[in-house]
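The values are calculated or read from the model by the stated rules, or taken from the named source; none is laboratory data. Keep in mind the model is a prediction, meaning the values are calculated, not measured. A quick note on method: Cβ atoms are made from the backbone with ideal geometry, for glycine too, and the neighbour counts reach across all protein chains shown.
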Amino acid sequence: MSLPQLNVIDIKDNLASALDVNSSNYDSLVVLFADKTKLAQVVPSVKTYLELDQSFGKSMQVICPADQKPFPRILVAPLGTISSDVDDARRFKDAAFEAGKRALEAGFVKPLVCFADAPSASAASLNWTFDEQDDYKHYLEVTMLGFLEAAYEPVDVRDYHAKNNTAIKDFATLGFAAASIQEDATTLIQKVQAIEEGRRVAKDIGSPDPEQMSPIQIVKYLESVFKNDKNVKMTVIDDIDIINKEYPLAHAVCRASLVVPRHHPRFVHFEYKSTDQSSVKENLYFVGKGVTYDTGGADIKCSGHMRGMSRDKCGAAAVAGFFKTIELLQPKGINATAGLALVRNSIGPDAYVSDEIIVSRNGNRVLVGNTDAEGRMVMTDLLCQFKEKAIAHARSQEASSDKPSLLFTVATLTGHALKAYGGYGITLDNGFARKNKVSRRIHDAGHILADPFEISTLRREDVDVVQPGRSSEDVVQANDKASSVTDRGHQYPAGFMLIASGLEKHGLRDDLPIGYTHLDIAGSAETMSSVGWSLTRVTGSPVAALTGAFLL
């Protein structure tokens, strides 16, 4: 599904004249506003609506002015307040998404979007980020992304329409008129397109059912996405014996799936190297959890809790999407490596079970406490492998603190994340990552790009709780309870992965420190509400936040 043509119009004089000049290029107008009294400056006929209906402007509405000025069809879309202490850029994202949906329903094909009262960067009341940046610095990009999100349909929907030779409602052109654009319009559009292309890859993988996006099918999809790319190298591991040797914990998780060939695991590696190595500031390594269906394994999910577990692949989906964005932006300042663990946690006679002891790639004896804590299992050996790569890289040249190695795990990992922070992504650092302000960068970038995160903290309890209680184990994977009813249920899995991967020996004060940041996106990878009994919508988070933190 290709993106609509995007145009950005920098208003030089005033909005009214800009609309008049561009009226022949678009078939409709969408006006976003916070203060409805400002609407009449854009659409003069609105004065009548305001006089006759005191509730006008509280909800979205299509109007058709008798004089057809400035456009014959106009959608007025309220933002809500943008000036309180708890408002942020999501006001623009949410309003743009809903306006985009309504515009498509109305048959708008080439709408021009404008702002009746765009936020001012100098308004002190709008500044509350921790580093005192303007909360609405990227309101235009956020609005553009909101409209693009409204026009998106998942790959399974596109396939259905293609088979039935029916059309999907989409925009042909989206125009955006705004004043004081902070960068060249072409550059701004390229940035927005790169983020949206990445989000669409993430949603294409995350949305469909577990058969259309099984490990094997995900690989086929990714091969089509990256087939012409010369900047990102993609490697696939499909040999079960190699997976068992290189990633023993992940192999344990997928043992029960091996009797079904179409459910066999796949490991995918991506590698991106800057074309200007002298400009590289950091080396990034991402591990994505790609559990294409999570039954819970032998500790089976019951009482309806298996519903929606086709979305347990959204961590890997987001990492793949982020690398699509990297491909398009070709940032000079980073080298980036990724690994996707694509497995199915099935039920069967060869399923791994609690009380098993499995030796990790790092040589740690892992006592399994709960087979439904499979996400940390499938990611740990990849994390260990990237630790090894970071060590080799540091030893191949003079170690430099200004070019750190930063490792990440990205996963829809715990129900506790939802209990703790609702629909927000969570990020937490080890000491070296905290020193390099990794979580703070993700938080602040997500805040202004409407992909918000909360910062959590890794503490001694998260390492203490997984310590061995007997001489037959080195680390305990989990307890026998759901994370949502376990103290520090979203934090301690990071403590487990630190130990089981060997990263705990590369902390802030060790000879060779390596940054580690864990992103639990159980809350942000999907919307918090659904329509009726349907599944929720996949969001593509944290592609935007990661792009803002490390690529822009």
What number of residues within region 506-544 satisfy the criterion of being more than 20 Å from the chain's Cα centre (by Cα), farther than 17 Å from Gly495 by Cβ and of a type in the set (A, V, I, L, M)?
2
When you check Val259 against the structure, is it outside any helix (DSSP H, G or I), assigned by TED's automatic domain parsing to the domain that holds Thr427, surrounded by fewer than 18 Cβ atoms within 10 Å (Cβ to Cβ) and modelled with pLDDT of 95 or more, yes or no?
yes
Scanning region 147-160 for residues that are surrounded by 14 or more Cβ atoms within 10 Å (Cβ to Cβ) and without any contact (Cβ under 8 Å) to a residue 40 or more places away in the chain gives Val157
Please go through region 181-210 and pick out each residue that is touching a residue at least 12 places away in the same chain (Cβ under 8 Å) and in a loop (DSSP other than H, G, I, E, B).
Ile181, Gln182, Ser207, Pro208, Asp209, Pro210
Residue in region 15-25 that is nearest to Val62 (Cα to Cα), counting only those that are hydroxyl-bearing (Ser, Thr, Tyr) and either under 32 Å from the mean Cα position of the chain (by Cα) or surrounded by fewer than 16 Cβ atoms within 10 Å (Cβ to Cβ) (or both):
Ser24
With the structure loaded, tell me whether Asn436 is surrounded by fewer than 24 Cβ atoms within 10 Å (Cβ to Cβ), under 26 Å from Gly198 (Cβ atoms) and either out of contact with any Cys (no Cβ under 7 Å at 6 or more places or on another chain) or modelled with pLDDT under 95 (or both) or whether it fails that test.
yes
Would you kindly identify the strands (runs of 3 or more DSSP E) lying entirely within region 1-118 that contain at least 3 residues that are within 21 Å of Ile189 (Cα to Cα)?
5-10, 28-33, 111-115
Of everything in region 264-283, what is more than 25 Å from the chain's Cα centre (by Cα) and either among the β-branched types (Val, Ile, Thr) or surrounded by 15 or more Cβ atoms within 10 Å (Cβ to Cβ) (or both)? Give them in sequence order.
His264, Thr275
Of the conditions (1) surrounded by 24 or more Cβ atoms within 10 Å (Cβ to Cβ); (2) aliphatic (A, V, I, L, M); (3) over 23 Å from the mean Cα position of the chain (by Cα), Ala392 fails just one. Which one is it?
(1)
Counting only residues that are surrounded by 23 or more Cβ atoms within 10 Å (Cβ to Cβ) and within 30 Å of Ser274 (Cβ to Cβ), how many does region 337-361 have?
6
When every residue in region 223-245 that is β-branched (Val, Ile, Thr) and surrounded by 12 or more Cβ atoms within 10 Å (Cβ to Cβ) is compared, the one nearest to the chain's Cα centre (by Cα) is Val225
Failed condition for Asp135, given (1) at pLDDT 95 or above; (2) under 25 Å from the mean Cα position of the chain (by Cα):
(1)
Going through (1) among the small types (Gly, Ala, Ser); (2) within 26 Å of Val343 (Cα to Cα); (3) in contact (Cβ under 8 Å) with a residue 60 or more places away in the chain one by one, Ser224 fails only at (3)
Kindly provide the set of residues from region 298-332 that are hydrophobic (A, V, I, L, M, F, W, C), at pLDDT 95 or above and either in contact with a Cys (Cβ under 7 Å, 6 or more places away or on another chain) or in a loop (DSSP other than H, G, I, E, B) (or both), ordered by number.
Ala298, Ile300, Met306
Do the conditions hold for Ala392, that is, is it in a helix (DSSP H, G or I), out of contact with any helix residue (DSSP H, G or I) (no Cβ under 8 Å at 6 or more places or on another chain) and either more than 25 Å from Glu327 (Cα to Cα) or in the same structural domain as Met497 (by TED's automatic domain parsing) (or both)?
yes
Looking at (1) touching a helix residue (DSSP H, G or I) at 6+ places or on another chain (Cβ under 7 Å); (2) at pLDDT 95 or above, find the lone condition where Ala482 falls short.
(2)
